[in-house]
Amino acid sequence: MKSVARYWSAGLSVLLGIGVFLFWLLGYPYALTYQEQYQLFLFSSDYFVERISIAGGLSDYLGDFVAQFYYVPWMGALALALLAVAIQQLTMLNGQRGAVKGLRSTGTSTITSTGTSTLNTQHSTLHAPRSTLHAQLFSFVGPLLLLHLMGDESVLPTYQVAMVMVLLASLVFSRVKWYWEVLLVPCLYWAAGPMCWLYVVLHVILRGWKWAWTLVWLLAVECVAYVTVMQQWPPESVLFCINYYRTPMQMPLLMAIIPLAIALVVLLSRFRLSNKMVLPLGVGCLVLAVVYIPSGYDADKYELIRQDQLIRQERWDDIIERAQKHVVKTTFWSNSVNLALSQKRLLAERMFDFYQSGEDALAMPPHRDLTSNLPTAEAYYRLGLVNAAQRYMFDIQESILNGKKSGRCTKRIVQCMLVNGHYKPAAKQIAILKRSLFYSSWAEEAEKCLFKDSMVEGNAELGRLRKIRFKDDFLFSYGEIEKIFGLLFINNPENKMALDYFLAEHLLKGNVQQFMQYLQWAQQYGGYYAMPAGYQDAVRCIQSQGRESGKYGEYVQRQIEKVKK
């Protein structure tokens, strides 16, 4: 009976691991790369000391260690699968401890011939397999809820690592004396953060109400930590959520519910349930997996995250193909699609085949968040607006609210510095990247270009940008961005992307006279065999004063209606 239960448990755990692995690898690999680009794990003593200098620092350090493997989606999916199985197994083992404790409490005492009292465990033994089976089924609730929670892109792997740490500590330190517990609780809080609440709650459940003093002791530890060394942190974060969520002072309610659900699982494992409960439990877990988990992943939001990954990988055809199937009416979406069209020299031909958000459809003004300006920064970089691209990437990196760095942003900043010949600051950024895992080889190659103009100019990408960039520094107004595109083209007529953006911006703003005036540039320098269909459509609309609307006319009408509203 025990061997059957053991095989049953192992089989379910393997299925969970495979399911989580395939969920991320096939369903949301782009969500993994999105997470990876907002942290930069470094193999250095300084980085380690910086991380562990605050409460929850060790779990945060290990969480970033896990997140760096998201750079390769199958590695990230494997890491998340292992974490899910670890949480399930540790929850089950804690639940089985509760089941054994609950069953022992149902035993009857008998007086032996020597006068000593013994516990009759025959009744408990008969029901042990059934109770541990319930503990196994209950143990899947936590990992399944976690899959739903991770639909929020700001939830960090630190949360799961901290949960594994406290569940493991609950097993390892299940029999310690009270005086060791006095030392253990502060140490565990400093290592895993506020997830330590799960540890003390499990101790109360598994060891009895006499251990309720640990709840008060943990609260006292947190208050002392806040008053002495963590005053710069909001009190809510010190108490409940440090580095589990990317945005400080915010935490989804489900992040608090999941540890409570795990504690409830362990508590229920202490009670002998009827075999009739097995089927409803299994059905409940299935419904949780099939219905509840996907509801946590907003289709439009994750489409934009997918676009960002495709831009990072320069998969322009895939962006255009997906844009024909899934439209997200945001500026980010328009920026991404137009960038892809420009890289395939299709912007003049097909721009108005796709949704255009307005005057900002090619490039948006600076936004103080970590995502919105990514397509604009990438467009500026390829246009030759190297300084603007560098500034945007700096701003994006500084907008990571938990204070971490970005490998993707740092890499682009280095490229901009190399193009501009700013070798000393570039060397500092390269030294940082060399201490990472997946950016170190690239950094070593970039290091060869330091203080060597010939190598920069000989590089296909960097040499082209050095040639087409502005040579003088100046500030420009976003409201006249079309003039900057025009100046880029005049500075170097080979910059076809700047020409396309220049004419497209005039159309987006409704500057029809300027568009008609400069249309000859497209004929003379655009390299087209015939006038692009998109320009022909716009010309027909302009010359007929809107009577022949076409796709450009539909865009103009939509903008007019937007202004009226």
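Could you tell me which residue of the range 386-416 is modelled with the lowest pLDDT, considering only residues that are open to solvent by 10 Å² or more (accessible area, probe 1.4 Å) and of a type in the set (A, V, I, L, M, F, W, C)?
Looking at residues that are open to solvent by 10 Å² or more (accessible area, probe 1.4 Å) and of a type in the set (A, V, I, L, M, F, W, C), I get 401.
Which residues, taken from the range 340-359, are in contact (Cβ under 8 Å) with a residue 60 or more places away in the chain, among the small types (Gly, Ala, Ser) and on the phi < 0 side of the Ramachandran plot?
Correct list: 342, 348.
Residue 58 - would you say it is closer than 19 Å to residue 167 by Cβ, under 21 Å from the mean Cα position of the chain (by Cα) and open to solvent by 20 Å² or more (accessible area, probe 1.4 Å)?
In short, yes.
Inspect all residues belonging to the range 435-448 and state whether any of them is assigned to a helix (DSSP H, G or I), in contact with a Gly (Cβ under 8 Å, 6 or more places away or on another chain) and open to solvent by 50 Å² or more (accessible area, probe 1.4 Å).
Checked against the condition, which is being assigned to a helix (DSSP H, G or I), in contact with a Gly (Cβ under 8 Å, 6 or more places away or on another chain) and open to solvent by 50 Å² or more (accessible area, probe 1.4 Å), the range 435-448 yields no hits at all.
What do you reckon, is residue 303 at pLDDT 95 or above and open to solvent by 20 Å² or more (accessible area, probe 1.4 Å)?
Against the criterion (at pLDDT 95 or above and open to solvent by 20 Å² or more (accessible area, probe 1.4 Å)), residue 303 does not qualify.
Anything in the range 232-254 that is of a type outside the set (Phe, Trp, Tyr) and crowded, with 21+ Cβ neighbours inside 10 Å? List them, or say none.
Residues satisfying the conditions are 237, 238, 241, 242, 243.
Any idea how many residues of the range 349-391 are among the hydroxyl-bearing types (Ser, Thr, Tyr) and farther than 20 Å from residue 473 by Cβ?
4
Taking into account only those residues within the range 340-365 that are part of a loop (DSSP other than H, G, I, E, B) and of a type in the set (Asp, Glu), which is least open to solvent (accessible area, probe 1.4 Å)?
Once the filter is applied, the top-ranked residue is 360.
Just name the residue that is most open to solvent (accessible area, probe 1.4 Å) out of those in the range 153-176 that are over 18 Å from residue 57 (Cα atoms) and in contact with a Leu (Cβ under 8 Å, 6 or more places away or on another chain).
173
Among residues belonging to the range 65-104 that are open to solvent by less than 10 Å² (accessible area, probe 1.4 Å) and hydroxyl-bearing (Ser, Thr, Tyr), point out the one that is modelled with the highest pLDDT.
Within the range 65-104, the match that is modelled with the highest pLDDT is 70.
Which of (1) more than 31 Å from the chain's Cα centre (by Cα); (2) among the basic types (Lys, Arg); (3) loosely packed, with under 14 Cβ neighbours inside 10 Å does residue 428 not meet, given it meets every other one?
With (1) more than 31 Å from the chain's Cα centre (by Cα); (2) among the basic types (Lys, Arg); (3) loosely packed, with under 14 Cβ neighbours inside 10 Å applied to residue 428, the lone miss is (1).
For the range 311-339, give me each residue that is crowded, with 18+ Cβ neighbours inside 10 Å, part of a helix (DSSP H, G or I) and free of Cβ contacts under 8 Å to residues at least 40 places away in the same chain.
Scanning the range 311-339 gives 316, 319, 320, 322, 323, 333, 334, 336, 337.
Provide a single number: the residues in the range 188-223 that are open to solvent by 50 Å² or more (accessible area, probe 1.4 Å) and more than 21 Å from residue 267 (Cα to Cα).
Of the residues in that region, 4 qualify.
Taking helices (runs of 4 or more DSSP H) that fall entirely within the range 476-565, which contain at least 3 residues that are open to solvent by 40 Å² or more (accessible area, probe 1.4 Å) and of a type in the set (Val, Ile, Thr)?
550-564
The values are calculated or read from the model by the stated rules, or taken from the named source; none is laboratory data. On a predicted model such as this, the values are computed, not experimentally measured, just so you know. As a convention, Cβ positions derive from the backbone with ideal geometry for all residues, glycine included, and neighbour counts pool all protein chains shown. Accessible surface is based on the protein model in full, side chains and every heavy atom, while ligands, DNA and RNA are left aside. Shrake-Rupley method; radii C 1.70, N 1.55, O 1.52, S 1.80 Å.
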